[in-house]
Every structure is written in structure tokens, then in C-alpha cells.
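K.L.:
First, the structure itself, so that you have it in front of you.
The values are calculated or read from the model by the stated rules, or taken from the named source; none is laboratory data. A quick note: this is a predicted structure, and the numbers were derived from the prediction, not measured. Methodologically, a virtual Cβ is constructed for each residue, glycine included, from the backbone with ideal geometry; neighbour enumeration extends over all protein chains shown. Just so you know, the surface numbers come from the protein's heavy atoms only, side chains and all, with ligands and any DNA or RNA stripped out. Shrake-Rupley method; radii C 1.70, N 1.55, O 1.52, S 1.80 Å.
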Amino acid sequence: MYKINDNYLKLPGSYLFSTIGKKVAAYSAEHPEKEIIRLGIGDVTQPLAPAIIEALHKAVDEMGHAETFHGYAPDLGYEFLRKAIAEHDFQARGADIQADEIFVSDGAKCDAGNIQEIFSTDNKIAVCDPVYPVYVDTNVMAGRTGTYDPKTETWSDVIYMPCTAENGFAPELPKETPDLIYLCFPNNPTGSTITKAQLQEWVDYANQVGAVIIYDAAYEAYISEPDVPHTIYECEGARTCAIELRSFSKNAGFTGVRLGCTVIPKDLKCGEVSLHALWARRHGTKYNGAPYIVQRAGEAVYSPEGQAQLKAQVAYYMNNAKTILEGLKSAGYTVSGGVNAPYIWLKTPEGMDSWAFFDYLLENAGVVGTPGSGFGPSGEGYFRLTAFGSYENTVAALERIQKL
Ligand SMILES: *Cc1c(COP(=O)(O)O)cnc(C)c1O
């Protein structure tokens, strides 16, 4: 008789978004005349930029001719894209990363979830709290997290690093030594960042204790302040302790097209074993690669036209972020984030927990956001609004909130 991987049974249901969906549906059924504004979206809404559409069309046409047809993509991605990434995202920022250290993929979520496969199940992970749920959930599936305590909503074998108002939503070095450290800056959901000097401390720590940092740079394009690093490889010594995950989703609108990459420097070794070689082996064995057409679209992201068009999109979302930040501040809320990230993190009013505030906002303003407690125990008492809506809806939502 076969057995299932019963680690999957340990996963608590995805309570957050299903509960939000049910609550919004119930409210709509009761108040069909009320127009609901969603500021909880974690997905981009602007269409693909013209430069990207043009590249897609051209690549599609190439696929229709024997001379320019492309079959299986190279395991680690096409050279033209890996070179463009290495030059623009790393070398132009003074980070020593070469094209052959980049693995092109179908997105950062898959890579964030799968990268743990090359590490022993004995390894202990450390995560920011609150954070993007993929890191913990995929380690649960792998059997690395111990037992779940529904009361505290924590796993016995996970090191949680609280990110709170007291520490400026930047984690402190953990007391217990982890093996794998997941960091995500600019952060989802808090919108917080850390400075290059702060990130350097993490790199030094990881090298000292023999840990690997898995650095999620999905929101890098939203950074507006000069002392915030765009890649962990701006820090000295990161080549021997860090893996970086990158995505074309939030900077270029590829959430439906799918494209990302993972960087594993050749200097990253566990004893004699190269992590780069392990991940290359995995890619070659059970990964089909991103389509040629999509990789050509990714290349267009780095063209001068692509860069100009995408800067405009990021500016559009960040103008929404500014509208939300200023609107909330003038309504008396305590807010953070929204300067280097499309996320605004607000403190719920005295006496209201995350879910009570969700209900309050839905019932009184018809605005939907995301309760902070859904991203980890330290998110309780906070609420996430996102800048991915339309400008008109964002303005309308803030007008409603200001009238409360
Ligand atoms: C949206 C997001 C990603 C991007 O995932 P893709 O699979 O590339 O779309 C990665 N990390 C975080 C924290 C995100 O919020």
C-alpha cells in the first residue's frame, strides 16, 4: 500500500485568502449596490510594456520558420538573457556576478520553494516574521520544520525573526544559529528595507557561522533610496554565503508570462561541494526551462525602450503608494513601507486586531486589504495595503478611509 508524503497534512489550510474571499463575497451579497475597492492585490495590473510585446511577437514569428525555430532551451537559460541580467542587474551595480552563475527560471516562487531541495532535511531555517509564506510552507512539505502549534501559529523547528516597529521592521541576528536564512528586501508584506551596512552584517554573520542566505530580491525595482542594496552581491563576501532569487513579475509585469532567475555564485561551497553544481544538476534533471519566447521578452526588459517603459510603470505604482501613505497619515494612522516597495504596512487602531480592522474597513469603507496576522504572528496588529490598483481606485479608497 502506498503512502503519501504526510508532511503535506501538517500544512494548515491557506486560511488567509480563502477567508478574505468569503468575507468579501458575503458583504457583496448583502450590499449589491456598494462598489468594493481592492487594495489587497499582490499582483500587478498594468499591461506589458510595448517593448516587451514587440519582442514577444518577434519571437513567436521566429518559432514559425525552420531557420529560426527553437526547441528545448539550454538548461540554465539562453546566453543572451543571462548576459543581459549579469550586466544590468549585477555588474552595473558593482556586483561581481557572471552570466554563467545565473539560472533562468519560470519565476521566483518556484525557485524560492524548490531551492531547499539541495539542502539536508536536518538544516534549521530562519525566517523573517511576518513574511511571504512560501519559504516556511515549502520547508514544511520537506519535513524540516517540526510540529505546528496552532495557538502561536509557529513551527517548533523554525527560527522566527520578528520584524516589528521596535526594530524598524528589520530582523536582528538570531540567538539560535540557523543553517538557512531567508531574507526578503524590500519586504513583502511590510514594505521595509535594510541598508547595505545592515545587509553586510548578515553576510558577515552567515560566513562566520557557516549559514546560507537565500535572498529574495523580487521587489528590487521599487527601491528609491540610495543606501538600500539592489542585490546582496553588493556586500563583500556574499559570493561565499548567498543565493539570490530574482523575478520579472513585479518590475515588468510577468506574473502571467512567468520569468525569473536564481544566482548561485561558483564560490558558494559546502566543503568541497559546489551548490552551483547541485542546482545545475537539478535544473538538468527536472526543470524544463522558461520558453524561448519568454526569454526574448525578458531580454527586452533591458533595452533602453524597455527600461524607460518599465520605470514609468514602477513610478505609476509608487505614485499610488504615495497616495496611500499620505492619505493614511492625514487620517491619523501609523504607517510604514511604501517608499521602496509597493506595500504599505499600517498599524491597526487601538483595540482592533488585524481581522477586526479588515471587517471595519470592508463594512465602513468598502475597501479590501490584507490582515497582517496572515503573514506570521508578528503581523498581528498590522494591515497590508498594496499599490497595485488603478490610480483612480486608490484615490477613491483613500477618500473613503479619510471620511471614516
Ligand atoms: C511576488 C513575489 C515573488 C515573485 O514570484 P514569481 O514566481 O516570480 O511571480 C517572489 N517573492 C516574493 C516575496 C513575492 O512577493
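K.L.:
Roughly how far apart, in whole Å, are the Cα centres of region 15-39 and region 52-97?
P.N.:
About 41 Å separates the Cα centre of region 15-39 from the one of region 52-97.
K.L.:
Now for a different question. When the chain is fully extended, how far beyond the present Cα-Cα distance does Asn7 get from Arg93, taking 0.36 nm per residue of separation?
P.N.:
Here the answer is 26.8 nm.
K.L.:
List the relative contact order of the chain as a percent without decimals, with contacts defined as Cα pairs under 8 Å and 6+ residues apart.
P.N.:
Relative contact order for the chain comes out at 23 percent.
K.L.:
For a protection proxy built on the mean count of beta-carbon atoms within 10 angstrom, sort 10-18, 255-263 highest first, please.
P.N.:
The densest-packed peptide leads the list: 255-263, 10-18.
K.L.:
Let me ask something else. Taking the Cα centre of region 1-157 as origin and charging only Cβ (+1 Lys, Arg; -1 Asp, Glu), how large is the dipole, in debye to the nearest 20?
P.N.:
700
K.L.:
Normalised by the number of residues in region 5-129, what is the relative contact order in percent for Cα pairs under 8 Å and 6+ residues apart?
P.N.:
Reported as a whole number, the value is 13 percent.
K.L.:
Further, regarding this structure: Can you give the FRET efficiency for His70 and Glu305, using 1/(1 + (r/R0)^6), R0 = 22 Å, r = Cβ-Cβ distance, to the nearest 0.05?
P.N.:
The computed FRET efficiency comes out at 0.40.
K.L.:
Distance check, please: which entries in Lys34/Lys109; Lys83/Lys175; Lys23/Lys124; Lys175/Lys196; Lys124/Lys151; Lys10/Lys34 exceed 29 angstrom between their Cα atoms?
P.N.:
On the way: Lys34/Lys109 35 Å; Lys83/Lys175 40 Å; Lys23/Lys124 36 Å; Lys175/Lys196 22 Å; Lys124/Lys151 22 Å; Lys10/Lys34 39 Å.
Pairs exceeding the cut-off: Lys34/Lys109; Lys83/Lys175; Lys23/Lys124; Lys10/Lys34.
K.L.:
Using +1 on the beta carbon of Lys and Arg, -1 on that of Asp and Glu, and nothing else charged, what's the dipole of the chain about the Cα centre, debye to 20?
P.N.:
Here the chain has a charge dipole of around 540 debye.
K.L.:
Continuing with this model, one more query. Mind checking which of Gly107, Gly284, Gly42 has the largest fluctuation in a GNM of the chain, springs on alpha carbons under 10 Å?
P.N.:
Gly284
K.L.:
Could you order Arg400, Arg239, Arg281 so the one with the most accessible surface comes first? Probe is 1.4 Å. Let's see the in-between values first.
P.N.:
Numbers: Arg400 70, Arg239 50, Arg281 165 Å².
Result of the area sort, largest leading: Arg281, Arg400, Arg239.
K.L.:
Pick from Tyr343, Tyr219, Tyr316 the residue whose mean-square fluctuation is largest in a GNM of the chain, springs joining Cα atoms under 10 Å.
P.N.:
Tyr316
K.L.:
Right, next: Checking the cross-link filter: which lysines have an alpha carbon closer than 22 Å to that of Lys329, excluding same-chain neighbours under 8 positions apart?
P.N.:
Straight-line reach from Lys329, under 22 Å: Lys347, Lys403.
K.L.:
Against the globular-protein guess of 2.2 N^0.38 Å, express the Cα radius of gyration of the chain as a ratio, rounded to two decimals.
P.N.:
1.00
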